[in-house]
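Below you'll find the structure, written out as structure tokens, and then a few comments.
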Amino acid sequence: MAKKSDKKTAAPAISVIIAMYNTEKYIAQCLDSLLKQTMQDFEVIVADDCSTDNSVKIVTEIAPQFEGRLKLIRLKKNSGFPGLPRNTAMGSARGKYIAFLDSDDFFTNTALEEFYTVAEATGAEIIHGERYFEYYENENQVILKTFQQGPYVEQPTLESENIGERVVRFINYRTLWWTCNKLFRRDFLVKNNIQFPNITAWEDLVVCFTCLMRAKVYVRVPNVIYYYRIRQGSLSHKGRDAFEMTSNLIGAMKAMDKVMEKTEFIMKNPAIRYAFVDWYVQGRLKTIRDAAYNFDKLQPFQINELYRRNFFAVNPADQVALYSYFFTITTYNQNLLEAKDAEIANLKKQLAELQAKISAPNPSLLP
């Protein structure tokens with residue numbers, strides 16, 4: 001077991017960054033998973049995004065158990081997303097590596113030791129976990145999960161240095177784009193000025209894509225070290241309206257396109273750039289269409305009109321490509337939605353007829 005770091009004399013091996021907002025029910029378990037780590041050479045930086053519950057009080061009460069290795073940062077204004085608290089905490093981090101942990105989730109007891117050991121042995125700038133545990137708190141059930149496509153590595157495996165291969169694997173869902181299942185070398189993040197963008201969704205995707213474009217030593221591992229809690233009310237499960245999601249789409253795409261503009265291989269191979277933009281925008285537009293239809297309760301013709309008048313008209317030259325994408329996918333989905341509505345109406349009619357038959361007296365059963 002590694003010794004605890006001496007805050008006054010040596011930088012810790014790892015800085016664990018926790019963005020926190022109103023998680024009084026879960027922050028104690030989150031911090032307890034760090035106190036139980038088999039490797040204790042780390043510091044904890046909790047960045048509170050103006051919590052209104054007892055989260056800060058709980059962290060303050062638990063802090064002495066870390067013997068000076070826990071720092072609480074309190075933002076002056078709520079940002080509404082974990083990116084800004086994380087960026088703020090990164091500015092105070094002293095560890096050789098940085099790990100991110102959400103305040104309602106928790107690590108396995110050997111998480112930090114496992115990732116740190118591989119990072120030191122391989123010289124990795126990024127350690128990439130391919131899977132995670134989903135923890136369903138209501139059922140007290142744990143399931144091994146991922147949205148990354150297999151096959152999965154069986155031992156630490158160096159990612160190809162070919163940027164084209166990396167992008168193709170990314171758009172084929174061979175990369176899990178969460179930051180919480182990774183370990184980042186801090187000097188790599190600083191050198192490449194990698195921070196979370198000012199958006200409320202897909203900020204992890206931007207950071208992970210940037211790391212994939214910039215890292216020379218990117219190592220995948222089979223280790224499963226993260227428990228992701230499934231609960232109502234978390235930011236990741238929050239319903240967002242279509243306009244907010246569209247703003248996120250544009251913000252994320254612009255950030256990633258800037259990364260591609262500074263990547264020589266991609267600029268020499270525009271087909272790779274186009275393939276990524278096509279994959280990203282089409283996938284996110286489907287999410288936006290679903291938000292407009294399910295969250296905002298808009299019909300397809302209303303979606304088109306609202307975006308035409310209130311969004312794309314603001315800066316049509318800048319949004320011309322996105323405008324084309326949007327109307328292509330919403331026109332295509334309008335037929336699907338109308339077919340879906342017709343199918344639902346037909347099923348309701350069949351159900352009503354069946355209920356009528358069940359309710360009607362059966363002559364054969366009468367005396």
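Key figures
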item	result
Pairs where the first residue, in the stretch 115-128, is in contact (Cβ under 8 Å) with a residue 12 or more places away in the chain and hydroxyl-bearing (Ser, Thr, Tyr) and the second is open to solvent by 60 Å² or more (accessible area, probe 1.4 Å) and not in a helix (DSSP H, G or I), C-beta under 8 Å, 6+ apart	THR122/PRO156; THR122/LEU158
Failed condition for GLN155, given (1) at pLDDT 95 or above; (2) open to solvent by 30 Å² or more (accessible area, probe 1.4 Å); (3) within 19 Å of ALA19 (Cβ to Cβ)	(3)
Scan of the stretch 113-150 for residues that are of a type in the set (A, V, I, L, M, F, W, C), more than 20 Å from the chain's Cα centre (by Cα) and open to solvent by less than 40 Å² (accessible area, probe 1.4 Å), ordered by number	VAL118, ALA119, ALA124
Exclusive hit being at pLDDT 85 or above and open to solvent by less than 40 Å² (accessible area, probe 1.4 Å), set ASP187, ASP204	ASP204
Count - residues of the stretch 18-34 that are part of a loop (DSSP other than H, G, I, E, B) and either within 17 Å of TYR135 (Cβ to Cβ) or β-branched (Val, Ile, Thr) (or both)	3
Condition check for ASN181: out of contact with any helix residue (DSSP H, G or I) (no Cβ under 6 Å at 6 or more places or on another chain) and surrounded by fewer than 19 Cβ atoms within 10 Å (Cβ to Cβ)	no
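The values are calculated or read from the model by the stated rules, or taken from the named source; none is laboratory data. Keep in mind that this is a model prediction, so the values were computed, not measured. Virtual Cβ from ideal backbone geometry, glycine too; neighbours counted across all protein chains shown. Calculation scope for accessible area: heavy atoms of the full protein, side chains included, ligands and nucleic acids excluded. Shrake-Rupley method; radii C 1.70, N 1.55, O 1.52, S 1.80 Å.
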